[in-house]
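Chemist: This is the structure I want to talk about, given as structure tokens.
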Amino acid sequence: MNKESAAGLVVFLVAGARPNFMKIAPIYRESRQHAGVACRLIHTGQHYDYEMSQAFFQDLELPEPAVFLKAGSGSHAAQTARIMIAFEKACLADLPGLVIVVGDVNSTLACSLVAKKLLIRVAHVEAGLRSFDRTMPEEINRIVTDAVADDFFVTEESGLENLRREGQPEERIHFVGNVMIDNLFFQLERLRQEREAHFPSFDLKSRLGSYLFLTLHRPSNVDRTETFQEIAAALNEAAERFPILFPMHPRTRKMAKQHGIRLSERVHVLPPLGFRESLYLWKDAEAVLTDSGGLQEETTALGVPCVTLRENTERPVTLSLGTNILAGNRKSSILEALDRALHADRSRFQVPPRWDGQAARRIWEVLLDEGPKDGRSVGPG
Ligand code: UD1
């Protein structure tokens, strides 16, 4: 019943929210090396603002999505349900032989459930990560997605261990590296080739010279007044040391207004940035402060000190080998972690195994059952 004949293997590659877009870009690019694969981009519409979505597609050199599901915002249940209903229709219309989901957002969960119930093979890229914090919506999304997926593509050792402990069969677990880092290296090369002066933040970056770079959007940090105020107090004090560049997520903007958050004038609030402009700023920062998952990995790959405004991380290799320090969300712990980050011995940082820009190539080799051509194993480490 699946479309695997004339068009070759029809694959749905699903993305819905900002952190998905950079993960699907290398997978999509690499799919074009395989003539028998018809890879269709499915955009669930979980993120829809120009800066959160379309600007990313342009930067990442992704084509227009083949299908746009227009799910939009809402409560978790409402958003997930809308994605499921729309995605089921898309699957029934096109009968893909394989659905690839990435990361841990609501779209990842919604589309894996739909596909599995239609008996479609599901591959999860960035499988096995666990924060062991079930108050995070992303943790629930990770657990449920991995409970139903068929193929697990893993970025770091902890993912292998978690999936084994959860009883997933060894032959379905593949330690391929990190597509986020594939994209990072690709974009870094693009940045080297282009003139930076066209970025709106060019003058600001030149004028500031040394600065910190901040992203902040997790419900656990911005939804409660006291927590957001505590973080803001830390930021205002940190900004005395170095000015802070802060591209602000729409959720954070809404909450900052609601809680009456006041930031020092040394905290420069910017609109959400495209991938390349964001990279252009954070790669040269003294340190990055963030509650994002992806930036913890990207800063580790480039050796930029990172202070994570969370109590835990599902990406422990960034702590053990990389540049990451967990800071929680108290003023004193954030300032203390920042101090450690700024004094870190950068020669001790290491890039985790297989974060080498080749993850997407390994994923397709596994999916199409081709042995690795360069002699490197893609099996469990
Ligand atoms: C989602 C992901 C999170 C990821 C983050 C990155 C889940 C559970 N969460 O969180 O893992 O780190 O994306 O951005 O999937 N909004 C806009 N414009 C948009 C999108 C959202 O204004 O294009 C506003 C809406 O008011 C919305 C709020 O942001 O209610 C939150 O959006 P939502 O998609 O629910 O979750 P994020 O916080 O973005």
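The values are calculated or read from the model by the stated rules, or taken from the named source; none is laboratory data. It should be emphasised that the depicted structure is a prediction, and the values quoted were computed from it without experimental measurement. As a convention, Cβ positions derive from the backbone with ideal geometry for all residues, glycine included, and neighbour counts pool all protein chains shown. The area values use the complete protein model at the heavy-atom level, side chains included, leaving out ligands, DNA and RNA. Shrake-Rupley method; radii C 1.70, N 1.55, O 1.52, S 1.80 Å.
Chemist: List the trypsin sites (Lys or Arg not before Pro) within the range 249-280 that fall in a DSSP loop (any state other than H, G, I, E or B) and whose Cβ has at most 11 other Cβ atoms within 10 Å. List each step's numbers first, then the result.
Modeler: Working: sites: Arg251, Arg253, Lys254, Lys257, Arg262, Arg266, Arg276; in loops: Arg262, Arg266.
The qualifying sites are Arg262.
Chemist: Let me ask another. Using alpha carbon centroids, what distance separates the range 269-291 and the range 5-73, in Å?
Modeler: Cα centroid of the range 269-291 versus Cα centroid of the range 5-73: 23 Å apart.
Chemist: If Rh is defined by the Kirkwood formula over all Cα pairs and Rg also comes from Cα, what ratio Rg/Rh do you get for the range 253-299?
Modeler: On the way: Rg = 12.6 Å, Rh = 12.6 Å.
Reported Rg/Rh (Cα atoms, Kirkwood Rh): 1.00.
Chemist: Still on this structure: Along the principal axes of its C-alpha atoms, what lengths does the range 232-283 span, in descending order and rounded to whole Å?
Modeler: 31, 27, 14
Chemist: Could I ask something else about it? Can you work out the PRE-style zone for Gln258? Point 7 Å along Cα to Cβ, and I want the residues of the range 128-164 with backbone N under 19 Å.
Modeler: Correct set: 135-138.
Chemist: For Thr225 and Lys89, FRET efficiency with R0 = 41 Å and r from the beta-carbon atoms, rounded to 0.05?
Modeler: Values: r = 41 Å, r/R0 = 1.00.
The value I calculate is 0.50.
Chemist: Given the Cα atoms of the range 301-367, and with Rh set as the inverse mean 1/r over their pairs in the Kirkwood sense, what is Rg to Rh to two decimals? If you can, show how the numbers build up before the last one.
Modeler: On the way: Rg = 14.7 Å, Rh = 13.3 Å.
Reported Rg/Rh (Cα atoms, Kirkwood Rh): 1.10.
Chemist: Then there is this: Can you give the convex hull volume per residue for the Cα atoms of the range 76-151, as a whole number of Å³?
Modeler: 71
Chemist: Shape of the range 44-119 from its Cα gyration tensor (a ≥ b ≥ c, root eigenvalues): rounded if a/c is under 1.5, otherwise prolate when a/b > b/c, or oblate?
Modeler: On the way: a/c = 1.91, a/b = 1.31, b/c = 1.46.
Oblate.
Chemist: Right, next: Which shape class applies to the range 1-160: rounded if a/c is under 1.5, otherwise prolate when a/b exceeds b/c and oblate if not, where a ≥ b ≥ c are the square roots of the Cα gyration tensor eigenvalues?
Modeler: Working: a/c = 1.30, a/b = 1.18, b/c = 1.10.
Here the range 1-160 falls in the rounded category.
Chemist: Whole number in Å², please: accessible area per residue of the chain, 1.4 Å probe, ligands, DNA and RNA not counted.
Modeler: Value for the chain: 41 Å² per residue.
Chemist: Relative to the longest principal axis of the C-alpha atoms of the chain, give the angle of the C-alpha long axis of helix 106-117, reported between 0 and 90° and rounded to the nearest 10°.
Modeler: That helix lies at roughly 10 degrees to the long axis.
Chemist: Continuing with this model, one more query. If I build a Gaussian network model for the chain, linking alpha-carbon pairs within less than 10 angstrom, which residue out of Leu13, Leu208, Leu113 has the largest mean-square fluctuation?
Modeler: Result for the chain, Cα springs under 10 Å: Leu208 fluctuates most.
Chemist: Compute for the range 69-214: radius of gyration divided by Kirkwood radius, i.e. Rg/Rh, restricted to C-alpha atoms, rounded to two decimals. Please list the in-between numbers first.
Modeler: Working: Rg = 18.9 Å, Rh = 17.6 Å.
With Rg and the Kirkwood Rh in hand, the quotient comes to 1.08.
Chemist: For helix 76-94, report the angle its Cα long axis makes with the longest principal axis of the Cα atoms of the chain; keep it between 0 and 90° and round to the nearest 10°.
Modeler: It works out to around 30 degrees.
Chemist: Follow-up. Which residue, Glu314, Glu161, Glu370, tops the fluctuation ranking in a GNM of the chain built on C-alpha contacts under 10 Å?
Modeler: The residue that fluctuates most here is Glu370.
Chemist: For Arg207, project a label point 7 Å along Cα to C-beta. Then give me every residue of the range 227-247 with its amide nitrogen under 19 Å of that point.
Modeler: 239-247
Chemist: Continuing with this model, one more query. Could you give me the radius of gyration and the Dmax of the chain, taking only the C-alpha atoms into account and expressing both in angstrom?
Modeler: Answer for the chain, Rg first and Dmax second: 20.3, 63 Å.
Chemist: Turning to a different aspect of this structure: Could you give the spread of the C-alpha atoms of the range 263-381 along their three principal axes, from largest to smallest, in whole angstroms?
Modeler: Answer, in whole Å and largest first: 55, 30, 25 Å.
Chemist: Which of Val179, Val317, Val101 ends up with the largest GNM mean-square fluctuation for the chain, with Cα atoms connected below 10 Å?
Modeler: Val317
Chemist: Oh, and also: Taking the Cα centre as origin and putting +1 on Lys and Arg beta-carbons and -1 on Asp and Glu beta-carbons, what dipole magnitude results for the chain, to the nearest 20 debye? Could the numbers behind the result be given before it?
Modeler: On the way: 46 positive and 50 negative charges, 130 e Å.
Result for the chain is approximately 620 debye, rounded to the nearest 20.
Chemist: Using 7 Å Cα-to-Cβ label points, what is the Gln54/Arg192 separation (nm, one decimal)?
Modeler: That separation, rounded to one decimal, is 3.3 nm.
Chemist: Kindly express, to the nearest 10 degrees and within the range 0 to 90, the angle between helix 293-302's C-alpha long axis and the longest C-alpha principal axis of the chain.
Modeler: That helix lies at roughly 80 degrees to the long axis.
Chemist: Something else now. In nm, to one decimal, how far is the modelled label at Asp356 from the one at Leu119, with both set 7 Å along Cα→Cβ?
Modeler: Each label point is offset 7 Å from its Cα along the Cβ direction, giving 4.0 nm.
Chemist: If you roll a 1.4 angstrom probe over the protein chains with everything in place, what fraction of the accessible area of the range 269-340 belongs to carbon and sulfur, to the nearest %?
Modeler: Details: 920 of 1950 Å².
Summing carbon and sulfur atoms, their accessible area is 47 percent of the total for the range 269-340.
Chemist: Could you tell me, in Å, what Rg and Dmax come out for the Cα atoms of the range 227-318?
Modeler: Cα radius of gyration and Dmax of the range 227-318 are 13.3, 37 Å respectively.
Chemist: What whole-number value in cubic angstrom gives the convex hull volume per residue for the C-alpha atoms of the range 161-260? Each step should come with its number before you reach the end.
Modeler: Working: hull volume 18.6 nm³, N = 100.
Once divided by residue count, the hull of the range 161-260 is 186 Å³.
Chemist: Something else: What are the ³J(HN,Hα) values, in whole Hz, obtained from phi via the Karplus relation 6.51 cos²θ - 1.76 cosθ + 1.60 with θ = phi - 60°, for each residue of the range 191-200 in sequence order, with x given for Gly and Pro?
Modeler: Per-residue couplings from phi come out as 5, 5, 7, 10, 7, 7, 4, 7, 5, x Hz.
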